[in-house]
1. Computed from the mean reciprocal separation of all distinct C-alpha pairs, what Kirkwood hydrodynamic radius does the stretch 20-121 have, in Å?
2. What's the FRET efficiency of Lys325 with Ile90 using the Cβ-Cβ distance as r and R₀ = 60 Å, to the nearest 0.05?
3. Straight-line reach from Lys21: which aspartates and glutamates have Cα under 17 Å away, leaving out those fewer than 8 places along the same chain?
4. Taking the Cβ-Cβ separation of Ser159 and Arg130 as r and a Förster radius of 25 Å, what is the calculated FRET efficiency to the nearest 0.05?
5. Rounded to the nearest whole Å³, what is the per residue volume of the convex hull around the Cα atoms of the stretch 208-265?
6. Check cross-link reach from Lys375 to the aspartates and glutamates: straight Cα distance under 19 Å, and skip same-chain residues fewer than eight apart.
7. Suppose every K and R has +1 on its Cβ and every D and E has -1 on its Cβ; what is the size of the dipole of the chain about the Cα centre, in Debye to the nearest 20?
8. Using the Cα centre as the reference, give the magnitude of the dipole from point charges on the C-beta atoms of the stretch 245-286 (Lys, Arg: +1; Asp, Glu: -1; all else neutral), rounded to the nearest 20 debye.
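Quick note: the coordinates plus some simple rules give every number you see, no bench work behind them. Only a predicted model underlies this, so the values are computations on that prediction, with no experimental measurement involved. Every residue, glycine among them, receives a Cβ derived from its backbone with ideal geometry; neighbour counts consider all protein chains shown.
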Amino acid sequence: MIQDEEGSFRDSMTTVDESGKRKWLFPKKPFGALFNKRKILSYLLLFIMFVTPFLHKIFGFKNPVFLFDVVFRKEFFIFGQQFTSQDSFIFALGLVLFMVAIILFTTIFGRVWCGWLCPQTIFMEMVFRRIEFWIEGDANKQRKLNKQDWNAEKIKKKSLKYFLFLILSWIITHMAVSWIIGVEKMQEMILDNPKENWTFFIVMMALTLIIYGVYMRFREQMCTTFCPYGRLQGVMLGKDSMVVAYDYNRGEPKGKKKDPNAGDCIDCNACVTVCPTGIDIRNGTQMECVNCTACIDACDDIMFKLKREPKLIGFFSEESIETRKKFSFSLRQKAYMVVLVVLMAVIAFITFNRTKIDAVILRNPGSTYTVNGNKIINMYKIDMVNKSGDDVQFLIETDFPEAELQFIGQSSDTLVVAEGKVMNGVMLVNIDSEKLDGMKTMINFQIKGLDGTLFDSSESTFLGPKK
Ligand code: SF4
Ligand code: SF4
């Protein structure tokens, strides 16, 4: 690892000057093969982000494809599959597995998520920054515009930029909240008079202003100082992690193009001027690097012009730079990948093998038993959740010998629970006292479809007199 002359990158941030004031960054417009790939991926992800909340309307699906409604319906849809509060253990498990997967992914591939997949970077670099380039020009023009006095040109450009930023922030807020409350509710809220929905209106305006503030002022600080994932990467990366890195063995000593003793780096600073977080990757892996790969493209362009091998900056592990060996996955990384695949398989298995009907049948709290001749009667509470996406008719049966089930408030034995709804009911169970084990007998209930398909089962206790 090479340090700059003062080694100052270790104890100061590129975006803060000595007096502690923010240094505004003017990164140059990126270009190159990797940037083109990022663009395609980013626009694809943006398309997915904006279209997904509407998919069920476009294709006439019954359920939203993705919905994380923690506000109104208190239910989730993932790939059209409904999840309710009864499935919270899947979410808890999913969250743990997700965290583990992120840690494993980072130890292998570094901070690729930040540069290529994170919505913050995608919106900043592929939407807001591109609007800025379009209105104000490349880095030097932006610098000049910022320094100049407020004249007609500056007022026109700045007001157009901030107006577009504000509109975009409003759109992004509504898109993001649509993933939570759904497009139908969103439409209803937008069309309603704000007076009818003050809370919603204020929340949406506040979120819009926060997003506007992030892209107008906060920018790279989000990744370098605020995001906990970014702060944690230092402890997740190892010498064998693949990160955007400078091949110092090849590049050093820096020198002029014609210097025969110099390495491949001509110290042109192209990799620094393009960096959206303002760092010099030649100082080694730094907390601020979001692995956006803009410096790889910039340096490749210089190497191409010098007719030298590309990838003086590339995706390398510290180990592969040190030993000059080609990168290959280490045993640790292979083990991590196996764990990752197993974790994903576990989530998929649990998710797709959930019961469509969740039933809990428990003896009515606080009740004991009543006696009617030689029959003992217990009262049970039925809680059913229908996650199947259709209304479901069902029967409750028990294999307990000669037990009789009687549903309170129901005219037939066939019960119905509407799609996505919870049904609460009460039933009486009569059992001949001769058949009971004693004061407490276990009884199992089966919840079946009309064709006999077993949806779920539930076990409870049946109380009776002492024998
Ligand atoms: S150092 Fe390179 S990869 Fe890292 S943030 Fe800067 S330009 Fe992107
Ligand atoms: S772009 Fe390449 S050659 Fe230029 S300073 Fe960066 S590493 Fe050196």
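1. Details: mean 1/r = 0.0584 Å⁻¹.
So the Kirkwood estimate lands at 17.1 Å.
2. Working: r = 43 Å, r/R0 = 0.71.
That pair, Lys325 with Ile90, gives E of 0.90.
3. Those aspartates and glutamates meeting the cut-off are Asp11, Glu220.
4. 0.85
5. 136
6. Cα-Cα hits under 19 Å: Glu397, Asp399, Glu402, Glu404, Asp432, Glu434, Asp437.
7. With only Lys, Arg, Asp and Glu charged at Cβ, the dipole is about 2080 debye.
8. Once rounded to the nearest 20, the dipole reads 140 debye.
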